[in-house]
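Trainee: Before we start, here is the structure in question, set down as structure tokens.
Readers should treat all values here as calculations from the given coordinates under stated rules, not as data from a laboratory. Since this is a predicted model, take the numbers as computed values, not measurements. A quick note on method: Cβ atoms are made from the backbone with ideal geometry, for glycine too, and the neighbour counts reach across all protein chains shown.
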Amino acid sequence: MKQQTLPLSYRMSVASRIIAAVVGGYALSTITTFIFAYILPGGRAQGLLMGMMISFAIYTAVIIWVFATRSAVRAWVGLVLMALPLGLVYGYVSYGGEI
Amino acid sequence: MKEGFRQSMAWLHTWTGLLVGWLLFFTFLTGTLGYVNHEIDRWMRPEAPMVSTPPSAAELLPKALARLSLQTDQAKSWSIRFPGGRSNNDFQVSWRAQPKEGERFGKFTRETLDPVTGANVNENVRKTGGGHLLYRMHYRLHYMPARTAYWILGICSMFMFVAIISGIIIHKKIFKDFFTFRPKKGQRSWLDGHAVLCVTSLPFHLMITYSGLVFLMFTYMPLGIDVIYGEENEDQFFEEAFDEAGPGPKEIMPSAATSPLMPMLVEVEKYWGAENVSGININNPGRANATVTFRPRNYNKLVTYTDTLTFNGVTGKFVEGKDVNFASQTNNVMLSLHEGLFAGPLLRALYLVAGVAGTAMIGTGLLLWSKKRKAKLSKGGVAHFGIAVVDRLNLGTIVGLPIAIAVYFWANRLIPVDFDARQDWEVHAMFITWGVMFVYPVWRPLDRAWFEMLCLMTAAYALLPVVNLLTTDRHLGITVMHGDWVLAGFDLSCLAASGIFALVTIKAYSKVTSNAEPSILITPSPLREVENYIEKSNEEPADGSVASSTIITN
């Protein structure tokens, strides 16, 4: 079993996933934290507090997904596809919409 | 990474574990020692009296107030801490001065008082960071600003949580493997050992890592407060979230005599029970907005931070507390679980066992990475640079850090008591030693370095009670006779630890001399067993653990 040199495209793909996981995961967990602040009962402060506590689980789930999915491209596309509805929900609740 | 879910999770587990494993080892070890930080404190301050049964709060209150009233500048707050529970001879008073121009908080001073005379004992007891400083490094590291440390540790904690989750995912037969340990089979045994250590205390690891993140979540996830409340309104968020009264009016209120505390203490002790007042906070003493808050001992309660009783400082009337909201209760419980302050002796021992298991889990994981890489090398191959670096970091951390911590304790006994900077130099000694422990395995051949450093670790802990005997009068001969089992326990634990280290050292010696089997300690000479393992794992793994070769080629 020789040590193979791994191709550059592989390395780039891994780097891309790492950035997607770290940045995208943080973004998605932050947006969901904002949303929790508005939709959980008890007022903004309680909702925000709960949201912050849950955010790490969401961050972890996103990281796992980014590395499990079939390619780095799918990871980025998936992150954007997840961010869009979340962004819309956030916009809606932060302007006073009720869920 | 097209191989499939489990293989990509194996890749993720390997790298999130490896890249920050050494720092996580440090965090876990100092954190575990943090569960006995009071006890370590007491050992490191041998001049403090060996009080077995402290006087009652009612007896100590006048002495505390006498000391506090001596302060001429009117303080923003006073605090009294009564001995008892785990802090058996910590009778302390502290005060915070009014903040000066531009300061957010005023200067904080703390004194330890003698329970018998009420005099300040700080002058008689050696200055030391004690167990608290060792524990503080667990969340604050050292030699760097707080925010830097919090961010480094936050990243490490996220890595650790991802490593735990991915570890669970790749562990196919997690229940069966609970009862699987195949000794003396080289790499297989290390994998089994790593898995058993992780899985048996898995709930603890999940809890401790996640609650660690929650502890500092206002640093890691600040955007919620900034976006929803606005940066200037941070205080408003904290008031609403934790049902706290705000910091109060910025101007200093007019003078008003503070109501006597003794009747309040009597009433509180009737409600909580005689020995259960752990301390008193007096906010704005001598002012019209004075409040007096009593703190209970944390026994057996998970929601502790809000369990206080408050009185109006001027009228002496009891003030009804507000109900705690759900979110802050949840937060409170998570933090309490992490800190384990509520734990009695048996549960605290379990916390220690779980912490040690976690530390060993990280250590065995690091060693396993190196072992697997070496097994992959072709016959007679030499470890390449990455493996060489990992090997040195492994040795320097897994054996070197315990040695460095022993040196912290040695320094506490050996640095002269009247040396002003002794507290800083105890810590410098620890980190200088740790640094040397990384250089040593670069200089010596690896297998010899393992054996020699293990010898050093065994000796460092075995001789610590002897150093204690030679330098203080709090050694085993005296502490056992006096019945002070906390102090005696420290020395006895060092002896017990060195006993275990001695067994490991003997094992390492036999590996160094015999050179018979491939082991983690030697650059491997390939044997049938190792090759068989690799061939078998190239087929579909039948027994549920992840094939080593797929981990390595990723």
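Trainee: Quote the relative contact order of chain A in percent (integer), defining contacts as alpha-carbon pairs under 8 Å separated by 6+ residues.
Mentor: Worked out over chain A, it gives 33 percent.
Trainee: Using only the Cα atoms, what convex hull volume per residue in Å³ does chain B have?
Mentor: Enclosed volume per residue, from the Cα hull, is 179 Å³.
Trainee: How far apart, in nm, are two points set 7 Å out from the Cα along the Cα-to-Cβ line at B:HIS132 and at A:LEU6?
Mentor: Roughly 4.7 nm, to one decimal.
Trainee: Report the full-extension gain for the segment B:ALA459 to B:VAL439: residue separation times 0.36 nm, less the Cα-Cα distance, to one decimal in nm.
Mentor: Full extension of this stretch gives 5.2 nm more.
Trainee: Now a separate question. What nm distance separates the two modelled labels at B:TYR143 and B:TRP272, each placed 7 Å from Cα along Cα→Cβ?
Mentor: 4.1 nm
Trainee: For B:ARG287, enumerate residues with amide H under 5 Å from its amide H, sequence gap 5+ or separate chain, H modeled in the peptide plane.
Mentor: B:ALA256
Trainee: Would you calculate the separation in nanometres between label points at B:GLU103 and B:LEU19, each defined as 7 Å from the Cα along the Cα-to-beta-carbon direction?
Mentor: According to this spin-label approximation, the distance is 4.1 nm.
Trainee: Report, to the nearest 10°, how far helix B:528-538 tilts away from the longest principal axis of the Cα atoms in chain B, using its own Cα long axis and a range of 0 to 90°.
Mentor: Between the helix axis and the principal axis of chain B, the angle is about 80 degrees.
Trainee: Could you go through segment B:507-513 in sequence order and give the Karplus-derived ³J(HN,Hα) for each residue, using 6.51 cos²θ - 1.76 cosθ + 1.60 with θ = phi - 60°, rounded to whole Hz, and x for Gly and Pro?
Mentor: With coefficients 6.51, -1.76 and 1.60, one gets 4, 5, 5, 5, 6, 5, 7 Hz.
Trainee: Could I ask something else about it? Quick query: amide H of B:SER278 versus all other amide H atoms, modeled in the peptide plane; which residues come in under 5 Å with a sequence gap of 5 or more or a different chain?
Mentor: B:ARG295, B:ARG297
Trainee: Could I ask something else about it? For segment B:106-154, state which trypsin sites (Lys or Arg not before Pro) are in a DSSP loop and have at most 11 other beta carbons lying within 10 Å of their beta carbon.
Mentor: Here no loop site has a sparse enough neighbourhood.
Trainee: Which of A:SER13, A:SER55, A:SER29 ends up with the largest GNM mean-square fluctuation for chain A, with Cα atoms connected below 10 Å?
Mentor: Its mean-square fluctuation being the largest, the pick is A:SER13.
Trainee: If a helix is a whole DSSP H run, which ones in chain A reach 30 Å or further along their own axis (Cα) and hold a mean Kyte-Doolittle hydropathy of at least 1.0?
Mentor: Long hydrophobic helices here: A:44-68, A:72-94.
Trainee: Where in segment B:201-284 are there GluC sites (Glu not before Pro) that are in a DSSP coil and have at most 16 other Cβ atoms within 10 angstrom of their Cβ?
Mentor: In loop regions of segment B:201-284 (DSSP not H, G, I, E or B), the sparsely surrounded GluC sites (Glu not before Pro) are B:GLU244, B:GLU251, B:GLU275.
Trainee: For the protein assembly as shown, treating each Cα as an identical point scatterer without solvent, what Debye log10 I(q)/I(0) comes out at q = 0.06, 0.09, 0.10 1/Å?
Mentor: Log10 I(q)/I(0), no solvent term: -0.41, -0.90, -1.08.
Trainee: Can you list the trypsin sites (Lys or Arg not before Pro) in segment B:357-407 that are in a DSSP coil and have 15 or fewer other beta carbons within 10 angstrom?
Mentor: Sparse-neighbourhood loop trypsin sites (Lys or Arg not before Pro): B:LYS379.
Trainee: Under 5 Å between amide H atoms, partner at least 5 residues away or on a different chain: which partners does B:LYS76 have, H built in plane at 1.01 Å?
Mentor: B:ARG96, B:ALA97, B:GLN98
Trainee: Output ³J(HN,Hα) for segment B:409-420: one whole-Hz value per residue in order, computed from phi by the Karplus curve 6.51 cos²θ - 1.76 cosθ + 1.60 with θ = phi - 60°, and x for Gly and Pro.
Mentor: 6, 4, 4, 4, 7, 9, 5, x, 5, 8, 6, 4
Trainee: Separate question: With respect to the cross-link table entries B:LYS100/B:LYS317; B:LYS76/B:LYS317; B:LYS63/B:LYS317; B:LYS172/B:LYS507; B:LYS172/B:LYS374; B:LYS184/B:LYS372, which display a Cα-Cα separation exceeding 27 Å?
Mentor: B:LYS100/B:LYS317; B:LYS172/B:LYS507
Trainee: Want the number for B:ALA349 to B:ILE432: 0.36 nm per residue separation, take away the alpha-carbon distance, what's left?
Mentor: Contour length minus the Cα-Cα distance gives 26.8 nm.
Trainee: Thinking of segment B:1-78 as a set of Cα atoms, what percent of all their pairs are more than 15 Å apart?
Mentor: Summing the P(r) tail past 15 Å for segment B:1-78 gives 78 percent.
Trainee: OK, next. With a 10 Å cut-off between alpha carbons and a GNM built on chain A, which of A:VAL77, A:VAL62, A:VAL89 moves the most?
Mentor: Answer for the Gaussian network model of chain A: A:VAL77.
Trainee: Let me ask you something else. Tell me, what ³J(HN,Hα) does each residue in segment B:336-346 have, in order and in whole Hz, if you take phi through Karplus 6.51 cos²θ - 1.76 cosθ + 1.60 with θ = phi - 60° and put x for Gly and Pro?
Mentor: 5, 4, 5, 6, x, 5, 6, 6, x, x, 5
Trainee: Right, next: Contact order normalised by length for chain B, with contacts defined as Cα pairs under 8 Å and 6 or more residues apart; what percent is it?
Mentor: 17 percent
Trainee: Further question: With no solvent and one point per C-alpha, what does the Debye sum give as log10 I(q)/I(0) for segment A:18-94 at q = 0.24, 0.26 Å⁻¹?
Mentor: Values, matching the q order: -1.02, -1.12.
Trainee: What's the magnitude of the charge dipole for chain B around its Cα centre, counting Lys and Arg as +1 and Asp and Glu as -1 at the beta-carbon? Answer in Debye, nearest 20.
Mentor: 1740 debye
Trainee: Turning to a different aspect of this structure: If you stretched the chain out fully between B:LYS507 and B:PHE5, how much longer would it get, using 0.36 nm times the residue separation minus the C-alpha to C-alpha distance?
Mentor: Extending this stretch completely gives an extra 176.9 nm.
Trainee: Hey, another quick one. Could you tell me how many degrees, from 0 to 90 and to the nearest 10, lie between the Cα long axis of helix B:57-69 and the main elongation axis, the longest principal axis, of the Cα atoms of chain B?
Mentor: Tilt of helix B:57-69: around 80 degrees.
Trainee: Another one. With springs only between Cα atoms under 10 Å apart, run a GNM on chain A and tell me which of A:MET50, A:MET82, A:MET12 wobbles the most.
Mentor: A:MET12
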